[in-house]
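The values are calculated or read from the model by the stated rules, or taken from the named source; none is laboratory data. These figures come from a predicted structure and were not determined experimentally. Neighbour counts are summed over all protein chains in view; Cβ atoms, including those assigned to glycine, are modelled from backbone coordinates with ideal geometry. Areas reflect the complete protein model, heavy atoms only, side chains present, ligands, DNA and RNA absent. Shrake-Rupley method; radii C 1.70, N 1.55, O 1.52, S 1.80 Å.
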Amino acid sequence: MTKTVNHWIGGKAVEGASGSYGPVTDPATGAVTTRVAFASVAEVDAAVAAARDAYRSWGQSSLAQRTSVMFRFRALLDAHRDEIAALITAEHGKVHSDALGEVARGLEIVDLACGISVQLKGELSTQVATRVDVSSIRQPLGVVAGITPFNFPAMVPLWMFPIAIACGNTFVLKPSEKDPSAALRIAELLAEAGLPDGVFNVVQGDKVAVDRLLEHPDVKAVSFVGSTPIARYIHTTASAHGKRVQALGGAKNHMLVLPDADLDAAADAAVSAAYGSAGERCMAISAVVAVGSVADELVEKIRERAEKIRIGPGTDPDSEMGPLITAAHRDKVASYVKGAADEGCEVVLDGTGYTVEGYEDGHWIGLSLLDRVPTTAKAYQDEIFGPVLCVLRVDTYEDGVALINASPFGNGTAIFTRDGGAARRFQLEIEAGMVGVNVPIPVPVGYHSFGGWKDSLFGDHHIYGNDGTHFYTRGKVVTTRWPDPSEAPAGVDLGFPRNH
């Protein structure tokens, strides 16, 4: 019998009651291995109700109680990292080492949550007027929700709920229906760590579950990571229902390579950043912008390296890149390569039609490299989310910056150069939220926030870091006046407090 992935509500696994299920496949074989329950509106309401009830006590719990749970959870997550990684590989398809790296990046945010007491310290000003003090404090919001993508089924939820919970909120997670098992296992570990029932809940599902979370009056904030069209929808819909929203969208990340760059290092970085995780990550480098005469040599170096990448099932230790998440997504990615020549691109490597012996029904695609890509080509304009790297050629640094800044996306970007002055100019002139200097994937460490500009982010707050703490709390200012015990009551005064 096919395994069923259900919900986690009120501290326990709850079987789906809607009668609606979705398939979960092993991308390496194409076989359906699991079915996932799709929540009805009533089931989402039950999860939110459990979170609301738990908030009554969790929101008043001490910082010590919250962080002690986080410390125990961190130890459990670390001890079970191989198990979580195996679940990711089985349903997403990424190689085991990549899945382990995902868990490690999630652990960084749990570390941050363990020390959340520092981030939640308030401010105090004494004697702003005679015997008047003013303090600023931060308090939790209540029930908050996370809607997360298929490409990082453990890491992205871990970017959200540890900070939210450590700040005193309760959480409802709606993970991707394509790879739902990691979220459920994480819920079990949180319970084992001593998290009270209802503080963390998981509802599996599709748009029905998403829309109910966006409109539910008890959900105070929504975090989302996914494509730009859906991020825009999440932001518009949740905001219309009075919710705080951080919605991280898609990307078209550029890597500018100047003539003075170490081309071997640049080629290594381009291959790693473009084809790692099979290109299914919002921080992938999908466009290399070569300046001046370096383009021919750089393209050749990228081609040589790309041809050596070993593609195979994620369970094979020799595999460096696995399959794509679904056959439909594989076909969509392939369509950009198949139509590239007609749009003026030079197809240096064509990865379409790739198969792996013994796994012919898997969702395979090889590495593709497109050169002399015009900005009008669909392969350049769209977020492909697959192992396709475009190379664009410009004459000058200024042309490269103008090209990058003309993109509607502004998630991440990088420059490769030995010129410190050029790198400094690039940091200041480029219109993107995350910048790498000789670093191809500038994902910030946990105590700095992650997020883009333009169509890569909808909302005012980036995710995790200081922005994460601010997103999951709201400020309150308290002005206090205590009369001196030696004085009689001052009587009524309708004016502002005197400050002199």
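Observations on the structure shown:
- Each residue, residue 117 and residue 83, gets one label point 7 Å from its Cα in the Cβ direction; the gap between the two is 3.0 nm.
- On Cα atoms only, tilt of 295-306 relative to the major axis of the chain in degrees: 80 degrees
- Amide N proximity, the stretch 241-279 versus residue 425 label position 7 Å along Cα-to-Cβ, cut-off under 15 Å: 256-261
- Cα shape, the stretch 1-93, gyration tensor, a/c 1.5 rule: oblate
- Solvent exposure of the chain as accessible area per residue, Å², 1.4 Å probe: 41 Å²
- Calculated FRET value between residue 227 and residue 272, using beta carbons and R₀ = 30 Å, to 0.05: 0.80
- Multiplying the residue separation of residue 65 and residue 381 by 0.36 nm and removing their Cα-Cα distance gives an extension gain of 108.9 nm.
- Evaluated with a Cβ-only charge set (Lys, Arg +1; Asp, Glu -1), the chain carries a dipole of roughly 1840 debye about its Cα centre, given to the nearest 20.
- In the chain, a dipole from Cβ-located charges (positive for Lys and Arg, negative for Asp and Glu) runs towards its positive end, and of 375, 335, 101 it is 101 whose Cα lies farthest in that direction.
- Expressed as a whole percent, the accessible surface of the chain that belongs to carbon and sulfur atoms is 52, based on a 1.4 Å probe.
- As a calculated quantity, the FRET efficiency between residue 398 and residue 476 at R0 = 56 Å, using C-beta atoms, amounts to about 0.70.
- When its C-alpha radius of gyration is set against 2.2 N^0.38 Å (N residues), the chain gives a value of 1.07.
- Rounded D (µm²/s) - the stretch 365-406, Kirkwood Rh over Cα pairs, Stokes-Einstein at 25 °C, 0.890 mPa s: 217 µm²/s
- Exceeding the 28 Å Cα-Cα cut-off - candidates 12/178; 220/476; 94/220; 94/252: 94/220
- If the chain linking residue 435 and residue 447 were pulled fully straight, counting 0.36 nm for each residue of separation and taking away their Cα-Cα distance, it would gain 2.7 nm.
- Between residue 136 and residue 208, the contour length at 0.36 nm per residue exceeds the alpha carbon distance by 22.0 nm.
- Theoretical ellipticity at 222 nm over the chain - DSSP helices of four or more residues, -39500 (n - 2.57) apiece, nearest 500: -11000 deg cm²/dmol
- Between the stretch 204-245 and the stretch 367-394, the alpha-carbon center distance in angstrom: 31 Å
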